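Single-structure report; data block below.
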Amino acid sequence: MQILKTEINSNIILLLHLEIFIMSIHKENKDVKKVTTHQLQVMKERGEKISMLTAYDFTMAGILDAAGIDILLVGDSASNVMAGHETTLPITLDQMIYHAGSVVRAIDRCLVVVDLPFGSYQGNSLEALNSAIRIMKESGGHSIKLEGGAEVIESVKRIVGAGVPVMGHLGLTPQSIYQFGTYTVRAKEEVEAEILVQNAHLLQEAGCFAIVLEKIPATLAKRVAEELKIPIIGIGAGMHVDGQVLVMHDMLGITKDFSPRFLRRYANLYDNILEATQNYIADVKSKSFPNENEQY
Ligand code: KIV
């Protein structure tokens with residue numbers, strides 16, 4: 001009887017410890033200082049660089065957030081790296097919402113920006129607003145990004161007016177690839193550079209909280225970052241902007257054949273995954289997996 005009592009008591013103590021541990025995890029998560037658009041503005045003013053990567057799924061987003069990334073972009077590059085399309089054009093609003101919801105469920109700290117996909121906002125500003133609202137309501141994302149300058153200003157104003165933070169995107173805007181014809185550096189000529197600067201000012205005046213500049217000369221990006229008050233995030237736009245963004249698959253070396261000059265790879269996961277898979281196949285074929293300890 002005494003033995004039974006002691007066992008019950010120690011089980012209760014164990015349960016209490018477990019509960020305190022779980023509560024401390026929740027408390028920790030609640031205490032995490034979340035990245036806000038306001039905080040990004042303060043970072044620019046302080047000269048502290050902003051880190052941003054793309055993410056499309058729950059597992060990877062959780063790792064990137066745990067590493068301390070400031071912004072996760074649920075990019076329409078999901079069309080390329082997740083779905084295997086040649087361009088970003090085919091991805092739909094429903095698919096973007098699916099990816100964004102998976103990312104949002106994984107994160108504790110970073111700001112989540114979700115791309116408005118091609119065809120979901122170019123029609124008119126009401127269409128743009130409705131698409132932005134669907135993303136915010138159905139995925140739980142914190143803000144949206146759209147491509148373009150003067151032609152999307154009415155949409156930016158309308159979305160910002162509804163309380164949704166908007167990030168702009170100028171320079172090489174992949175949704176216009178069939179108009180550009182190539183993925184080479186944009187705004188090298190003075191006329192295009194001046195239009196880009198004007199568009200950046202228009203986006204700021206319309207209420208954008210930040211702008212991505214993709215694949216433009218570093219000197220031009222520097223000028224935009226200096227002239228504008230809001231953070232400028234570069235991808236292939238040099239070192240003088242307020243932050244950097246890369247596609248996660250490129251940064252981790254999961255993609256193999258994409259090697260633009262601006263890309264720095266921080267891992268070589270393509271080779272790691274290939275080797276691990278080859279080892280697994282060899283173990284299955286040779287009957288060395290599973291062994292006695294790996295079965296019931
Ligand atoms: O969709 C995307 O990945 C992007 C980045 C290249 C900025 O828009």
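Taking label positions 7 Å along the Cα-Cβ direction at both Glu154 and Ser176, the computed distance is 1.8 nm, reported to one decimal.
The value of relative contact order for the chain, using C-alpha pairs under 8 Å at least six residues apart, is 14 percent. Length gained on full extension, Glu138 to Ala83: 17.7 nm, using 0.36 nm per residue less the C-alpha separation. Taking the helices alone, the chain has a mean residue ellipticity at 222 nm of -15000 deg cm²/dmol, built from -39,500 (n - 2.57) per DSSP H run of at least 4 residues and averaged over all its residues.
Taking a point 7 Å out from the Cα of Leu202 in the direction of its Cβ, none of the residues of the stretch 225-243 has a backbone N less than 13 Å from it.
A crude spin-label estimate for the pair Phe289 and Lys188, with each label 7 Å from Cα along the Cβ direction, gives 4.7 nm.
If exposed trypsin sites (Lys or Arg not before Pro) are those in a DSSP loop with at most 10 other Cβ within 10 Å, what is the longest stretch of the chain that has none?
On the way: sites that count: Lys33, Lys229, Arg261, Arg264, Lys287.
The answer is 34-228.
Working from label points 7 Å from Cα in the Cα-to-Cβ sense, the Val42 to Asn272 distance is 3.3 nm.
Throughout, read-outs are computed from the coordinates displayed, never taken from laboratory work. Note that the coordinates shown come from a computational prediction; the quantities given were computed from them, not determined experimentally. Reconstructed Cβ throughout: ideal geometry from the backbone, glycine too, with neighbour counts over all protein chains shown.
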